[in-house]
Amino acid sequence: MKILFLDQSGKPGGAELCLIDIAKPYGDRALVGLFTDGPFKKLLQQHQIPVEVLATKPISVRKQSNLLQAATSLGQLTPLLAKVVQTAKKYDVIYANTQKALVIGALASFIAHRPLVYHLHDILSPEHFSQTNLRVAVTLANGFASLVIANSQASQTAFVAAGGRPELTEIVYNGFAPENYQPAESEVKKLQQQLELEGKFVVGHFSRLAPWKGQHILIEALTQCPPEVTVILVGDALFGEQDYVQKLHQQVATMGLEHRVKFLGFRTDIPQLMTACDLVAHTSTSPEPFGRVIVEAMLCGTPVVAAKAGGAMELVEHGSNGFLVTPGEPQELVQIIHTCLQETEITATIAKNAQAIARQRFDVTAINQQIASLLTQRWG
Ligand code: UDP
């Protein structure tokens, strides 16, 4: 089966990193068509995944755009649509990995007579999207997709609640290659030295910098933690959240935490950094559709605390393979940090348990098999 994957982003967010793992086994039988040039294209090339930027101009629809903006942007889409239709004729299936990819993919699927798969990496709720975008996504998925792959039960439930047809949906979690999350001890030590983390209790936050990812909650919690606790913030503002970045820097300065908070920007050595941490904190204030960072921390054998909402609740069982806290509540986070500092044996057992479960549950080979079966059942 030959697959045309479509993704709007030039930057590697969670959906894009997941796509790398899905597209890789198809080799030359797949093409990833992007709507924007950027670092994601380079990453795909590094993985020897065929990639082409199909758009001549970037598309300007935002998650919160209204009907008029959406209609205006539709006009900009015509050359891109023509290119996608022409390309799709050489492939058996169109696989839309993002919402704008769904818009183009749906129209192309109709014109080029190719079936459409929509991989849903979002919680389609008013918290995350405008009413217009919600309506467009659900209507197109219902009308054109033969299969909607939801990345969690939470994403599936939100899709159905927004009017999505339940019979289209299948839940498939993100897959990970466990061996990628076992960095050499020497690499981790070197990193600890470079970042001056030795002797500290390091809490890592791995996420793009965006208000709903809640980095500010962790910084607030840090004010009530003992002085040996240090925070590393790994990630950058991928989608123009510069105001939030500024606010975070201000918060750190106002609270006098400059020596205890390190902004590391976007990094590609996530397994090394996570292994160098004593705890990974996930602090999203809105429900997380899946939460790749939670599974990655587990695979590294680092204890993880996650905000109790959305997909995170499907990944973490409190006290068994990690910790859950109420979203937006720094006080509960402080308590978990204290627990990890004091109850080291229990915490280590929890992390070990999490690692063993995650290796099985999210094994990329099994997950890719699951996706391949869903596709061949329909079009094999
Ligand atoms: N990530 C990364 N470099 C960074 C920060 C994050 O490669 O500096 C990765 C992280 O390891 C994870 C992904 O970005 O695989 C984020 O996925 P997640 O599901 O946690 O959030 P999303 O970006 O999809 O909202």
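The values are calculated or read from the model by the stated rules, or taken from the named source; none is laboratory data. This structure is a prediction, so every number in the text was calculated from the model and none was measured. So basically every Cβ, Gly included, is an ideal-geometry build from the backbone, and we count neighbours across all protein chains shown. Note: areas computed on protein heavy atoms with side chains; ligands, DNA, RNA excluded. Shrake-Rupley method; radii C 1.70, N 1.55, O 1.52, S 1.80 Å.
Give the range of the longest stretch in the chain that excludes all chymotrypsin sites (Phe, Trp or Tyr not before Pro) found in loop regions by DSSP and having at most 15 other beta-carbon atoms within 10 Å.
1-238
Could you estimate the translational diffusion coefficient of the stretch 121-199 from the Stokes-Einstein equation, with Rh from the Kirkwood formula over C-alpha pairs, at 10 °C and 1.306 mPa s, in whole µm²/s?
So the translational diffusion coefficient is about 103 µm²/s.
Count the DSSP beta bridges whose two residues both fall in the stretch 204-292, then state the antiparallel fraction as a percent rounded to the nearest 5.
Given both bridge residues lie in the stretch 204-292, the antiparallel proportion sits at roughly 0 percent.
Relative contact order, percent, of the stretch 86-181 when contacts are C-alpha pairs under 8 Å separated by at least 6 residues?
It comes to 25 percent, rounded to a whole number.
Kindly report, to the nearest 10 Å², the accessible surface of CYS18 as traced by a 1.4 Å probe over protein heavy atoms only.
10 Å²
Only sites in a loop by DSSP and with at most 14 other Cβ atoms within 10 Å count here; which trypsin sites (Lys or Arg not before Pro) in the stretch 236-288 make the cut?
For trypsin sites (Lys or Arg not before Pro) across the stretch 236-288 that sit outside H, G, I, E and B with at most 14 neighbouring Cβ atoms in 10 Å, the list reads ARG267.
Tell me which of ALA101, GLY199, HIS113 sits at the most positive position along the dipole axis of the stretch 93-206, charges placed on C-beta atoms (Lys, Arg +1; Asp, Glu -1).
HIS113
Out of all DSSP beta bridges in the chain, what portion is antiparallel? Express it as a percent rounded to 5.
Percentage antiparallel, nearest 5: 0.
If you plug each phi of the stretch 131-138 into the Karplus form 6.51 cos²θ - 1.76 cosθ + 1.60 with θ = phi - 60°, what whole-Hz ³J(HN,Hα) values come out, in order, with x for Gly and Pro?
4, 4, 4, 4, 5, 4, 4, 5
Which value at 222 nm does the chain reach when only helices count, each DSSP H run of 4 or more adding -39,500 (n - 2.57), with the total divided by all residues and rounded to the nearest 500 deg cm²/dmol?
About -13500 deg cm²/dmol.
Would you mind estimating how fast the stretch 88-143 diffuses translationally, via Stokes-Einstein at 20 °C and 1.002 mPa s with the Kirkwood radius over Cα pairs, in µm²/s?
The estimated diffusion coefficient comes to 185 µm²/s.
Given 5 Å bins starting at zero, what is the percent of C-alpha pairs of the stretch 305-348 in each, up to the one with the largest pair distance?
5, 24, 32, 24, 13, 3
From the phi angles alone, apply the Karplus equation (6.51, -1.76, 1.60; θ = phi - 60°) to the stretch 192-204 and give each ³J(HN,Hα) in whole Hz, x where the residue is Gly or Pro.
4, 5, 4, 8, 6, 9, 5, x, 9, 9, 9, 9, x
As I understand it, the dipole of the stretch 255-343 uses +1 on the Cβ of Lys and Arg and -1 on the Cβ of Asp and Glu, about the Cα centre. Which of GLN331, VAL280, VAL305 lies farthest toward its positive end?
Farthest along the dipole direction, towards plus: VAL280.
Could you tell me the extents of the stretch 202-253's C-alpha atoms along the three principal axes, largest first, rounded to whole Å?
34, 19, 15
Just how large is the dipole of the stretch 292-380 about the Cα centre, in debye to the nearest 20, putting +1 at every Lys and Arg Cβ and -1 at every Asp and Glu Cβ?
Dipole about the Cα centre, nearest 20: 400 debye.
Starting with the highest mean, order 252-258, 224-230 by the number of other Cβ atoms within 10 Å, averaged over the residues of each peptide.
Output ranking for 252-258, 224-230: 224-230, 252-258.
Excluding same-chain residues fewer than 8 positions from LYS100, which lysines have a Cα within less than 25 Å of its Cα?
Straight-line reach from LYS100, under 25 Å: LYS2, LYS11, LYS24, LYS41, LYS42, LYS57, LYS63, LYS83, LYS89, LYS90, LYS213.
Show ILE123, ILE111 ordered by accessible area, largest first, where the area counts protein heavy atoms only and the probe is 1.4 Å.
Ranked list, largest accessible area first: ILE111, ILE123.
Among the lysines, select those whose C-alpha is under 19 Å from the C-alpha of LYS190, and discard any that sit fewer than 8 residues away in the same chain.
LYS200, LYS262
Work from the charge dipole of the chain (Cβ charges, +1 for Lys and Arg, -1 for Asp and Glu, about the Cα centre) and give the residue of THR347, LEU315, CYS18 farthest towards its positive end.
CYS18
Taking K and R as +1 and D and E as -1, what net charge do the other residues with C-beta under 12 Å from the C-beta of ASN97 add up to?
Charge balance near ASN97 sits at -3.
Which parts of the stretch 199-241 would a label at HIS249 reach, counting a residue when its backbone N lies under 18 Å from a point 7 Å out along Cα-to-Cβ?
208-211, 215-216, 219, 232-241
Starting from the Kirkwood radius over alpha-carbon pairs of the stretch 142-240, derive D by Stokes-Einstein at 10 °C in a medium of 1.306 mPa s and give it in µm² s⁻¹.
91 µm²/s
Counting heavy atoms of the protein chains only and a 1.4 Å probe, report the per residue accessible area for the chain as a whole number of Å².
43 Å²
So how much slack lies between GLN360 and SER320, counting 0.36 nm per residue of separation and subtracting their Cα-Cα distance, in nm?
Answer, rounded to one decimal: 12.8 nm.
At 1.4 Å probe size, with the rest of the protein present, what percent of the exposed accessible area of the chain is carbon and sulfur atoms?
52 percent
May I ask you to compute the full-extension gain from THR139 to ARG165, defined as 0.36 nm times their residue separation minus their alpha-carbon distance, rounded to one decimal in nm?
8.4 nm
How compact is the stretch 250-380 by the rule of thumb for globular proteins, expressed as Cα Rg over 2.2 N^0.38 Å?
1.21
Aspartates and glutamates near LYS308 by alpha-carbon distance under 12 Å, same-chain residues fewer than 8 away left out - which ones?
GLU288, GLU317, GLU329, GLU332
Evaluate the charge dipole of the stretch 1-61 about its Cα centre and quote only its size in Debye, nearest 20, assuming +1 on the Cβ of each Lys and Arg and -1 on the Cβ of each Asp and Glu.
Rounded to the nearest 20 debye, it is 60 debye.
Quick one: 3J(HN,Hα) in Hz for the stretch 102-117, Karplus 6.51/-1.76/1.60 with θ = phi - 60°, rounded, Gly and Pro as x.
After applying 6.51 cos²θ - 1.76 cosθ + 1.60, I find 5, 4, 5, x, 5, 5, 5, 4, 5, 6, 8, 6, 10, x, 10, 10 Hz.
Semi-axes of the chain's equivalent ellipsoid from the Cα gyration tensor, sqrt of 5 times each eigenvalue, largest first, rounded to whole Å?
36, 22, 19
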